[in-house]
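The values are calculated or read from the model by the stated rules, or taken from the named source; none is laboratory data. Just so it is clear, the structure is predicted and the values come from calculations on it, not from any experiment. Note: ideal-geometry Cβ built from the backbone for every residue, glycine included; neighbour counts use all protein chains shown. The accessibility values were calculated without ligands, DNA or RNA, using every heavy atom of the protein model including side chains. Shrake-Rupley method; radii C 1.70, N 1.55, O 1.52, S 1.80 Å.
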Amino acid sequence: MSERENPDPGKLSHFDAAGNASMVDVSAKQSTRRTATASAFVELSAAVLAALPTNPKGNPLEVARFAGIQAAKRTADLIPMCHPLALTHVDVQARVIDTGVAITASVATTGPTGVEMEALTAAAVAALTVYDMTKALDKSIVIRSVQLDSKTGGKSGTGGKSGDFQRVTE
């Protein structure tokens, strides 16, 4: 069995000794520069892709970028155990490829905890925004592969699934 299938309950930081959900106390952790990049993919038909430039609601890619940036800043309001962070940078890119829209969100801070959730939230909300702005054209839109691609900083150092999302970032 893989570690993914059977995680060690002792490593789940958002639970106290009694098994109750709790926010991790990061006050003793050293502030370091931390970054994370996440991605998502919105699968769209050729007809929807062709209609993007003339969308009557506006430019879906630009609205998705703004929504992703706003989502990163509001992650602690959405995910109960996330710490509110002073983000030093958020960048969300949405670009058209052959089969849909590839979204990449990069987030940075200097602080005692990482920004993985902020990057993931930015990518997911940007994807949801593309969906919202194009759903009138096609009911078969699919959001795929919301994932952490990379992270840096903190005790655990560098990580992520870098390279696993190659079909969308090519």
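Take the residues in region 73-83 that are at pLDDT 95 or above and open to solvent by 40 Å² or more (accessible area, probe 1.4 Å), then tell me which one is nearest to SER145 (Cα to Cα).
Step one: filter region 73-83 for residues at pLDDT 95 or above, giving 73-78.
Those still in the list that are open to solvent by 40 Å² or more (accessible area, probe 1.4 Å) too: 73-74, 77-78.
Details: LYS73: 22, ARG74: 22, ASP77: 23, LEU78: 20 Å.
Filtering region 73-83 for residues that are at pLDDT 95 or above and open to solvent by 40 Å² or more (accessible area, probe 1.4 Å), the one nearest to SER145 (Cα to Cα) comes out as LEU78.
Pairs are defined by a Cβ separation below 6 Å, a sequence spacing of at least 6 or placement on different chains, a first member in region 66-81 that is within 18 Å of ASP25 (Cα to Cα), and a second member that is of a type in the set (D, E, K, R); the pairs so defined are THR75/GLU118.
Quick grid of which residues meet (1) surrounded by 10 or more Cβ atoms within 10 Å (Cβ to Cβ); (2) farther than 24 Å from VAL125 by Cβ; (3) at pLDDT below 95:
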position: GLU5; (1), (2), (3): no, yes, yes
position: ASP8; (1), (2), (3): no, yes, yes
position: LYS11; (1), (2), (3): no, yes, yes
position: HIS14; (1), (2), (3): yes, no, yes
position: VAL24; (1), (2), (3): yes, no, yes
position: ALA28; (1), (2), (3): no, yes, yes
position: ALA36; (1), (2), (3): yes, no, no
position: ALA40; (1), (2), (3): yes, no, no
position: LEU44; (1), (2), (3): yes, no, no
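Given the criterion among the aliphatic types (A, V, I, L, M), out of contact with any Gly (no Cβ under 6 Å at 6 or more places or on another chain) and part of a loop (DSSP other than H, G, I, E, B), identify the matching residue among VAL24, VAL101, VAL63. Steps first, answer last, please.
On the way: VAL101 fails: part of a loop (DSSP other than H, G, I, E, B); VAL63 fails: part of a loop (DSSP other than H, G, I, E, B).
Criteria check complete, one pass: VAL24.
Screening region 96-142 for residues that are surrounded by fewer than 19 Cβ atoms within 10 Å (Cβ to Cβ) and in contact with a helix residue (DSSP H, G or I) (Cβ under 7 Å, 6 or more places away or on another chain) and picking the one that is nearest to ALA76 (Cα to Cα) gives VAL96. Would you point out the residue of region 143-170, among those that are open to solvent by 50 Å² or more (accessible area, probe 1.4 Å), of a type in the set (Ser, Thr, Tyr) and more than 11 Å from ILE103 (Cβ to Cβ), that is modelled with the highest pLDDT? It comes out as THR152.
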